[in-house]
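K.L.:
Dropping a structure here in structure tokens format, bear with me for questions.
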Amino acid sequence: MRRQFTQSQKLLILRRAGYKCQICGIPLSETNFEADHKIAYSLGGTTEVWNALALCKDCNRRKSDKPYQP
Ligand SMILES: [Zn+2]
């Protein structure tokens, strides 16, 4: 399975998150947002919208492959 989310998946993920980072809550737009796996791809998480988080670049970098802690 592919690891990257498609553009249309990303838009869904961003909309579902209310255009906010799901960890730190800063406002997100299509330019500063990154889709990340809730269950890491390396741990068997799938590249599907239900397994995605909308994160800012900082949080995505910090989170890495650790499990999602709300
Ligand atoms: Zn963030």
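K.L.:
Output the direction-averaged projected area (hull surface divided by four) of the convex hull of the alpha-carbon atoms of the chain, in nm².
P.N.:
4.2
K.L.:
Please compute the length gained on full extension between ASN32 and THR6, using 0.36 nm multiplied by the number of residues separating them and subtracting their Cα-Cα distance.
P.N.:
Once the chain is fully extended between ASN32 and THR6, it gains 7.8 nm.
K.L.:
Return a whole-number percent for the relative contact order of the chain, with Cα pairs under 8 Å and 6 or more residues apart as the contact set.
P.N.:
After rounding, I find 35 percent.
K.L.:
Show me the ranking of peptides 1-8, 55-62 by mean Cβ neighbours inside 10 Å, starting with the highest.
P.N.:
Listed from highest to lowest mean packing, they are 55-62, 1-8.
Taken together, the values in this text are just the output of simple stated rules run on the coordinates, not laboratory data. These figures come from a predicted structure and were not determined experimentally. Please note: Cβ atoms are built from the backbone with ideal geometry, for glycine as well, and neighbour counts cover all protein chains shown.
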